[in-house]
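Colleague: Structure below; questions to follow.
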Amino acid sequence: MTISTHNETSDALLRAGIYQCLAGVFAYPDPALIESLTARWLTLSKWHNFWSTEMRETISDMHTALQKADVAALAEEHIRLFGPAACCPLTETSWGDSARLLGKAAQIADISGFYHAFSVLPREAGDSVPEDHLAMELEFMSVLCLKEAYALNAGLEDKLDITRDAQKKFLEEHLATWIDYWAESLIENNPVPFYCSLVKTLQHMIHLETGRLGIVPIRIRARVSDTEIGDDTFTCPLASAP
């Protein structure tokens, strides 16, 4: 492995790590989760030489916010922001405007197509979430980065191209389209400092990724006025990962 390939592999693994850590923070908070996430974010912060100055600061802020977290207060805030009567729902299809002409069913089908193409398959579980849930989309990006690292390490050029192309398309067509308006809406609802730190870190990561990949997503600037309620759920295959 050349030095260049080694650096690219390390970069892909680090991106996988931060995507997974971001996904974990959107779960309903309990003491065990906060303890686990605090340890993960501390590990990320130790790789400070690999991040930009601003990214180092947001990772550090996120770790500090986790250390100071009041679990009971966060649980109450989680319900207010993301619960059944959510101020800021965590599902992509809750947000849309003229860029979403095909509707929810088509969006879900397209997202599911990405997952199935990379063997990220649904399974039955009590903690399942919809396919378009933010945590699931972040976990999927983590999977793609892991596959990128594997392809780099194994010298699989075709698989590397496929994986990188999938990252670009998924961000451009899904994750990066709605995250800014969602973040603005969350801040407008005056969340506790913990979720402010989370929004800052998430937005910075997505902006770094769109810049790195050279994509300009068509950004959503509205919330869907007539949301559909369905029974279809999806469980992230990495949700139980240590």
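Colleague: Would you kindly calculate the translational diffusion coefficient of the chain, applying Stokes-Einstein with the Kirkwood radius from alpha carbon pairs, for 4 °C and a viscosity of 1.567 mPa s, and quote it in µm² s⁻¹ without decimals?
Modeller: The diffusion coefficient I find is 70 µm²/s.
Colleague: Right, here's the next one. For residue 129, list long-range residues whose amide hydrogen, built 1.01 Å from N in the peptide plane, is under 5 Å from its own amide hydrogen.
Modeller: The list, which skips near neighbours in sequence, is 234, 235, 236.
Colleague: Next question, about the same structure. Among 144, 121, 175, which one moves the most in a GNM of the chain with springs linking Cα atoms closer than 10 Å?
Modeller: Between 144, 121, 175, it is 121 that shows the largest mean-square fluctuation.
Colleague: Same structure, new question: When a/c is below 1.5 the answer is rounded, else prolate if a/b is larger than b/c, else oblate, so apply that to the range 91-211 with a ≥ b ≥ c taken from the square roots of the Cα gyration tensor eigenvalues.
Modeller: It is prolate, given that a/c is not under 1.5 and a/b is the larger ratio.
Colleague: Between residue 117 and residue 213, what is the FRET efficiency for a Förster distance of 22 Å, r being their Cβ-Cβ separation, to the nearest 0.05?
Modeller: The value I calculate is 0.75.
Colleague: Nearest 20 debye, what's the magnitude of the dipole of the chain about its Cα centre given +1 on Lys and Arg Cβ and -1 on Asp and Glu Cβ?
Modeller: My answer is approximately 520 debye.
Colleague: Over the range 3-213, what relative contact order in percent results from Cα pairs under 8 Å that are six or more residues apart?
Modeller: 33
Colleague: Which cross-chain or sequence-distant (5 or more) residues have an amide H under 5 Å from the amide H of residue 95, H modelled 1.01 Å from N in plane?
Modeller: For residue 95, whose amide H was placed from the backbone, the distant partners under 5 Å are 224.
Values quoted throughout were computed directly from the atomic coordinates according to the rules given, and no laboratory measurement underlies them. Keep in mind that this is a model prediction, so the values were computed, not measured. Please note: Cβ atoms are built from the backbone with ideal geometry, for glycine as well, and neighbour counts cover all protein chains shown.
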